[in-house]
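The values are calculated or read from the model by the stated rules, or taken from the named source; none is laboratory data. Note that the coordinates shown come from a computational prediction; the quantities given were computed from them, not determined experimentally. Every residue, glycine among them, receives a Cβ derived from its backbone with ideal geometry; neighbour counts consider all protein chains shown. The accessibility values were calculated without ligands, DNA or RNA, using every heavy atom of the protein model including side chains. Shrake-Rupley method; radii C 1.70, N 1.55, O 1.52, S 1.80 Å.
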Amino acid sequence: MAIKGFAMLKIGSVGWIEKDAITPCGPLDAICRPLAIAPCTSDIHTVYEGGIGERHNMFLGHEAVGEVIEVGELVKDFKVGDKVIAPAITPDWGSINAQRGFAQHSGGALAGWKFSNFKDGVFAEKFHINEADANLAHLPENVDVADAVMLCDMVTTGIHCAENADIKPGESVAVIGLGPVGLMACAGANLMGASEIYAVDCIEFRADIAKKYYGATHYIDFTKGAFFDQINEITKGKGVDKVVIAGGTTSTIGECCCCVKNGGVVSNVNYLGTGDNITIPRVAWDVGMGHKDIRGGLTPGGRYRMEKLASLLSTKKLNVKPLITHKLEGFGKIEEALELMRNKPAGLIKPVVVC
């Protein structure tokens, strides 16, 4: 039976198509139908910047909450009718990289990111989950499906950025970019005990959200001067202990070296979809000997992480409702939601489509 979905037709082109089949449901796998889905800026990078190269007739999307409609014969913990969170990263858990502790790179660099990378994504009437017991997560009964979609990528990626910075209680942290991932990086830094959080952006209402909900203590508007100069002025030249990056360009990592302390960490989860080289000023990196660590990471995936993060919503330790600025009703609204992410109208943080 043909399956309808919203696809990348080629670089620069999207549209609705039908396919005869999706990936077969193997003995460890599951097939789901979407209940709520959300587009991501990485979908924009993929389609309009060619960030991962040419793709043809590939269903987009990697953020979904769904209902199980088929399970393989060896699946133990999920059954037809279960409401589930499908993480953006669905590793192959028996791989060598998973055993090394880097499951998100199972099969090669970033290869745990399957949806809308080298496998059809979730913007379809049905989508496939490999290794369902390890990759699907149960949706808590008291968590709304639209809220839960934020866990698939925005929450886990933002918090991973903070985790990768190894933030300690009482440390000062700069957060670069206050899109949904950056706001969740603020939340992650706050949950990990940061005392001062410098929220860097150019849209004030996002900073207001960062302060009201996610622990930001300062707002740095990068249109009013280099953000690192502003941070250094506030800190009287000391800089910050850690910097987490959720937005910017190929020069941003180097700029962060200008305001991170010796012994500090610059942690990046920003998808660099264009450019050939990352620039790091020689002096800002203390001629290569300043003990300033630069780390970049793709968020881990899998059931355990998703269910732990879901518990933050279930117990009200984390509120993601401020991220959802546009809620659209109906599967056919996917195209409109993607255009919102592409055009970024005033007041947008994240659109969600409730199917």
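List of remarks:
- In the range 250-318, Rg over Rh equals 1.15, where Rg is the alpha-carbon radius of gyration and Rh the Kirkwood radius from pairwise Cα distances.
- Largest first, the residues Asp166, Asp82 sort by 1.4 Å accessible area into Asp166, Asp82.
- Antiparallel content of DSSP bridges confined to the chain, in %, to 5: 50
- Normalised per residue, the volume of the convex hull around the Cα set of the range 124-237 (Å³): 148
- The range 291-355-the range 119-147 distance, computed between alpha-carbon centres (Å): 14
- Given in Å, the Rg to one decimal and the Dmax to the nearest whole number for the Cα atoms of the chain are 20.0, 65.
- Cα-based shape type of the range 5-157, given that a ≥ b ≥ c are square roots of the gyration tensor eigenvalues and the cut on a/c is 1.5: rounded
- Taking a point 7 Å out from the Cα of Glu54 in the direction of its Cβ, the residues of the range 1-39 whose backbone N falls within less than 17 Å of it are 8-14.
- Remark: the range 218-305 carries 51 Å² of accessible area per residue (probe radius 1.4 Å; ligands, DNA and RNA excluded).
- Cα convex hull of the range 14-101, projected area averaged across orientations, nm²: 7.5
- Listed residue (Ala111, Gly247, Val80) projecting farthest to the positive dipole end of the chain, Cβ model: Gly247
- Placing +1 on the Cβ of every Lys and Arg and -1 on the Cβ of every Asp and Glu, with no other charges, gives the chain a dipole of roughly 560 debye about its Cα centre.
- Along the chain, counting only trypsin sites (Lys or Arg not before Pro) with a DSSP assignment other than H, G, I, E or B and at most 15 other Cβ atoms inside a 10 Å radius, the longest segment between sites is 101-235.
- Centre separation in Å (Cα based) which lies between the range 193-224 and the range 1-60: 34
- Protein heavy-atom surface of the chain, 1.4 angstrom probe: 52% of the accessible area is carbon and sulfur, with nucleic acids and ligands not counted.
- Acute angle (nearest 10 degrees) that the helix 303-314 long axis makes with the longest principal axis of the chain, alpha-carbon atoms: 70
- With θ taken as phi - 60° and the Karplus curve 6.51 cos²θ - 1.76 cosθ + 1.60 applied, the whole-hertz 3J(HN,Hα) list for the range 197-210 is 10, 9, 8, 9, 6, 10, 10, 5, 5, 5, 5, 4, 5, 4 Hz, x standing for glycine and proline.
- C-alpha long axis of helix 334-343 to longest principal axis of the chain, angle in °: 20
- Across the range 201-355, Cα-Cα pairs more than 21 Å apart make up 60 percent of the total.
- Simple Cβ-charge dipole of the range 6-112, Lys/Arg +1 and Asp/Glu -1, about Cα centre, in debye nearest 20: 140
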